[in-house]
Amino acid sequence: MNPRVVVRITRNFERNLDEIERFLATLENAHGFDALLEELSDTAIPTLEAHPDIGRDFLARVVDSAEAEMRLRTVERLLADFAIAACVREYVMSHHLVLHAHVQGAVHLLSIRHQRQHAFDMGQRTGTAD
């Protein structure tokens, strides 16, 4: 059996959670945020601890628009800027998508979005992905 890895939550991921909470409030779905936190703690994080390379390769996906191409290149630049040699993977939850990277024995939760939100936020406003 493979040893479990540590799952780390980045500041960008925390910001995304705040945005999802506000987004769900606009949909008058306040209990949706509690359900998200429960699914993260009960299912997603334990799964990532046991299977850190689960999910499809986010950088290998086929892009179908100029905006998607720009966002993909942004993720690649952020990884290069931080000298991260990792595969960014996409983990699908019930109503959310999580971007994560397995780096040196740890899974870093990079970004999360509700499936009804438009795109992943990779910290572009502040220029950091931590």
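Taken together, the values in this text are just the output of simple stated rules run on the coordinates, not laboratory data. Remember, predicted model here, so these are calculated numbers, not experimental data. Ideal geometry is used to build each Cβ from the backbone, glycine not excepted, and the neighbour counts take in all protein chains shown.
Distance between the pseudo-spin-label points of Arg8 and His31 (7 Å out from Cα toward the beta carbon): 3.7 nm.
What shape does the stretch 1-81 have by the C-alpha gyration tensor, where a ≥ b ≥ c are the square roots of the eigenvalues, rounded means a/c under 1.5, and otherwise prolate means a/b greater than b/c and oblate the rest?
Oblate is the answer for the stretch 1-81, as a/c is 1.5 or above yet b/c matches or exceeds a/b.
Each label point was placed 7 Å from the Cα along the Cα-to-Cβ direction; for Thr47 and Arg61 their separation is 1.6 nm.
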